[in-house]
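The values are calculated or read from the model by the stated rules, or taken from the named source; none is laboratory data. None of these values were measured; they are calculated from a predicted model. Quick reminder, even Gly has a Cβ in these numbers, built from the backbone with ideal geometry, and neighbours come from all protein chains shown. Accessible surface areas use protein heavy atoms only, side chains included; no ligands, DNA or RNA. Shrake-Rupley method; radii C 1.70, N 1.55, O 1.52, S 1.80 Å.
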Amino acid sequence: MKVIRADEAGNLIKDDATIFLGGLAMTSLAEEVLKGIERQFLASGHPRNLTTWACGAIGNAGDGGMVHFAHEGMVKRVVAGHYGQTGKEMMKMVFDGAIEAYNFPQGSLSHLTRHIAARTPGLLTKVGLGTFVDPRLEGGKLNAKSTEDLVQLVDFAGEEWLFYPCPKIDVAIIRGTLADENGNITLDKEGVLLEQLAIAQAAKACGGIVIAQVERIVQAGSLHPKQVKIPGLVVDYVVLGQPENHMQSITTQFNPALCGDLRVPVSSIDAMALDERKVIARRASLELKAGAVTNLGIGIPAGIPSIAAEEGISHLLNLSIESGVNGGIPAQLGDFGLSHNAESIIEQSAQFDFYDGGGLDTSFLGLAQTDNRGNVNVSKFNGRPVGCGGFVNITRSTKKLVFCGTFTAGGLEVEVGDGKLRIVKEGKSRKFIEKVEQITFNGFDAAQRRQNVLFVTERAVFDLTPDGLELIEIAPGIDLEKDILQHMGFKPIIGNVRLMDPDMFQTTWGGLGRAIGGD
């Protein structure tokens, strides 16, 4: 192992190299190294024509992450699980077709790192069948410049599968906390483990190099062997990161509660204001079951722990995040992917093993667009790709899905109180439309497989049936024709429509514990 400056990293990377980046947004991202590579390119024009792979989104949507690669000639191809944090410069290159760009499920990319490391032919999975990842639809391609098929539809043992051939990795760029003089690395202050080890092993299996960013270097032999998550035998170079380039998350420099070093009281979670988001979170929380393994997505589902805390039933929840964190209270916004009071933190690929294997009982996810068949789009809007993240993995195998979102978007204003909901100003954009722009979740396939799927909004609740969406609940104070049907691109099945619990539209609710099977 050799200690180098960040600016020297660019000299180690050849033109046309393929780089695998560890990290999730800014969490566990080697920002110091990326800045050094950028400086080298701006000074010399090299390395150029790079291909980058990443399991999730890389960056903070501003001055960190993939923005350092957003220079003409520096990158020819980007493959990632999500693009939401890559920044406007890189997104413009993708949208304009200046570079090749592919989006694949976060869990599948995480699993692929282990296949590269083991020198298998590739990953065989059913995750993504019938979605935009399927070659019969879009094959994960984000623009016209992306012509190579990086995922294939194959027949194996009489069944349809998706196959991802293993790419050759020339450089792995990873991050840890401490490195000893032999290159052994710990992840003590990281809030997640991700696939840092598998990425390093993948590069070594391909004859490549591994560059690791750490906070400091300690004496050889001073690290407990069980604390070492990346052995020195797979690390070639170490770069010391400055604090500002070694953030624990997008918004947090370091919080010991986000890596398990201490616990915070559940009472510290702020109560939500009584608005449409709280109504949705309340209604969605009725689908919780005591002890059920539950995943929460970003956005409105993030309000469910607040509802649980307010109702005094947090101890009944068993929450899980795709990044590898289990237990505790999932953090949100800039800390998304981390958790306060986590009970366990495992590698992301192992977490997706559990998810793909049906380990999740319930998942609460965001709702952007849906159609009469129950297809859901959360990955592409007005031609601009956002990406799927772990959404495709999670929705494929979770026993019960609850999609949560406002009924319309863009300026929606409501009044909540006295057991009723009133629409003050309707949103400009419909979410229940004739045809989704991109299929991130295949509702028709889910219905055929008898997957339990609900769509929860502030004014209506829908159930997915083999014949399409059925309206099953309506909020008190809402007119079926004026407030619901007139704002849908299709007519749902209407049978025995119940009234949503009026108490959910009061300042104080109560009774959630009994409703979900608690004390």
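Yes/no per residue for (1) among the β-branched types (V, I, T); (2) open to solvent by 30 Å² or more (accessible area, probe 1.4 Å); (3) in contact (Cβ under 8 Å) with a residue 60 or more places away in the chain:
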| position | (1), (2), (3) |
| --- | --- |
| F163 | no, yes, no |
| C166 | no, yes, no |
| R175 | no, no, yes |
| K189 | no, yes, yes |
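Residues in the stretch 389-406 that are open to solvent by 10 Å² or more (accessible area, probe 1.4 Å) and either under 19 Å from I433 (Cβ atoms) or of a type in the set (G, A, S) (or both): how many?
Initially, the stretch 389-406 is screened for residues open to solvent by 10 Å² or more (accessible area, probe 1.4 Å), giving 391, 396-397, 399-400, 406.
Now restrict to residues that are either under 19 Å from I433 (Cβ atoms) or of a type in the set (G, A, S) (or both): 391, 397, 406.
Residues that pass the stated criteria total 3.
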Quick check: anything in the stretch 456-466 over 14 Å from P492 (Cα atoms), acidic (D, E) and touching an Asp or Glu at 6+ places or on another chain (Cβ under 7 Å)? yes
Within the stretch 301-321, the residues that are open to solvent by 20 Å² or more (accessible area, probe 1.4 Å) and either touching a strand residue (DSSP E or B) at 6+ places or on another chain (Cβ under 6 Å) or not polar (S, T, N, Q) (or both) are A302, A309, E310, E311, G312, H315, L316, L317, N318
Restricting to the stretch 6-44, count the residues that are acidic (D, E), open to solvent by less than 60 Å² (accessible area, probe 1.4 Å) and under 29 Å from the mean Cα position of the chain (by Cα). 3
Select from the stretch 50-102 the residues that are free of Cβ contacts under 8 Å to residues at least 60 places away in the same chain, assigned to a strand (DSSP E or B) and small (G, A, S) and list them in ascending order. A54, G59, G65
Of (1) out of contact with any Phe, Trp or Tyr (no Cβ under 6 Å at 6 or more places or on another chain); (2) open to solvent by 10 Å² or more (accessible area, probe 1.4 Å), V416 satisfies every one except (1)
Does the stretch 360-369 hold any residues that are surrounded by 24 or more Cβ atoms within 10 Å (Cβ to Cβ) and either of a type in the set (G, A, S) or more than 19 Å from the chain's Cα centre (by Cα) (or both), and which are they? S363
Filtering the stretch 472-501 down to residues that are within 26 Å of L274 (Cβ to Cβ) and at pLDDT below 95 yields D501
Check on Q201, under 30 Å from N341 (Cβ atoms) and at pLDDT 95 or above: no
What is the one condition in (1) in contact with a helix residue (DSSP H, G or I) (Cβ under 8 Å, 6 or more places away or on another chain); (2) closer than 26 Å to N377 by Cβ that G477 does not satisfy? (2)
If you take the residues of the stretch 404-421 that are touching a residue at least 12 places away in the same chain (Cβ under 8 Å) and out of contact with any helix residue (DSSP H, G or I) (no Cβ under 9 Å at 6 or more places or on another chain), which of them is farthest from G297 (Cα to Cα)? G411
For the stretch 346-380, give me the residue count where each residue is of a type outside the set (F, W, Y) and in contact with a Cys (Cβ under 8 Å, 6 or more places away or on another chain). 6
Going through the stretch 50-69 one residue at a time, which ones are open to solvent by 20 Å² or more (accessible area, probe 1.4 Å), over 18 Å from the mean Cα position of the chain (by Cα) and hydrophobic (A, V, I, L, M, F, W, C)? V67
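Is it the case that F352 is of a type in the set (F, W, Y), crowded, with 19+ Cβ neighbours inside 10 Å and in contact with a Ser or Thr (Cβ under 6 Å, 6 or more places away or on another chain)? Steps first, answer last, please.
On the way: of a type in the set (F, W, Y): yes; crowded, with 19+ Cβ neighbours inside 10 Å: yes; in contact with a Ser or Thr (Cβ under 6 Å, 6 or more places away or on another chain): yes.
Criteria met by F352.
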Tabulated pairs, the stretch 206-230, first modelled with pLDDT of 95 or more, second β-branched (V, I, T) and open to solvent by 40 Å² or more (accessible area, probe 1.4 Å), C-beta under 9 angstrom, 6+ apart or interchain: I217/V3
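For the stretch 281-300, what are the residues that are in contact with a Cys (Cβ under 6 Å, 6 or more places away or on another chain) and open to solvent by less than 10 Å² (accessible area, probe 1.4 Å)? Before you say what the answer is, go through the steps one by one.
In the first step, residues of the stretch 281-300 are kept if they are in contact with a Cys (Cβ under 6 Å, 6 or more places away or on another chain); the result is 284, 300.
Within the stretch 281-300, A284 is the sole residue that qualifies.
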What single numbered condition from (1) surrounded by fewer than 20 Cβ atoms within 10 Å (Cβ to Cβ); (2) assigned to a loop (DSSP other than H, G, I, E, B) fails to hold for P47? (1)
Within the stretch 212-233, residues over 23 Å from C259 (Cβ atoms) and either among the acidic types (D, E) or open to solvent by less than 60 Å² (accessible area, probe 1.4 Å) (or both) come out as A220
With (1) free of Cβ contacts under 8 Å to residues at least 24 places away in the same chain; (2) under 22 Å from D361 (Cα atoms); (3) of a type in the set (S, T, N, Q) as the list, and T508 as the residue in question, which single condition is left unmet? (2)
Top-ranked residue of the stretch 440-484 - restricted to ones that are acidic (D, E) and out of contact with any Gly (no Cβ under 8 Å at 6 or more places or on another chain), ranked as surrounded by the most Cβ atoms within 10 Å (Cβ to Cβ): E458
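Of all residues in the stretch 490-514, count the ones that are under 14 Å from N372 (Cβ atoms) and surrounded by fewer than 15 Cβ atoms within 10 Å (Cβ to Cβ). Explain how you work it out, then say what you get.
The initial filter retains those residues of the stretch 490-514 that are under 14 Å from N372 (Cβ atoms), namely 490-494.
Right, trim to surrounded by fewer than 15 Cβ atoms within 10 Å (Cβ to Cβ) and you get 491, 493-494.
The total comes to 3.
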Please find, within the stretch 322-345, the residue that is farthest from A25 (Cα to Cα) out of those that are among the hydroxyl-bearing types (S, T, Y) and open to solvent by less than 20 Å² (accessible area, probe 1.4 Å). S339
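Within the stretch 15-37, can you find the residues that are within 25 Å of V325 (Cβ to Cβ), of a type in the set (A, V, I, L, M) and in contact with a helix residue (DSSP H, G or I) (Cβ under 7 Å, 6 or more places away or on another chain)?
In the first step, residues of the stretch 15-37 are kept if they are within 25 Å of V325 (Cβ to Cβ); the result is 20-34.
Restricting the remaining residues to those that are of a type in the set (A, V, I, L, M) gives 21, 24-26, 29-30, 33-34.
Once the filter is applied, which keeps residues that are within 25 Å of V325 (Cβ to Cβ), of a type in the set (A, V, I, L, M) and in contact with a helix residue (DSSP H, G or I) (Cβ under 7 Å, 6 or more places away or on another chain), the stretch 15-37 yields V33, L34.
Considering the stretch 8-25 alone, what residues qualify as being part of a strand (DSSP E or B) and closer than 17 Å to K168 by Cα? I'd like the intermediate steps shown before the answer.
Initial filter on the stretch 8-25 (part of a strand (DSSP E or B)): 18-21, 24-25.
T18, I19, F20, L21 - these are the residues of the stretch 8-25 that are part of a strand (DSSP E or B) and closer than 17 Å to K168 by Cα.
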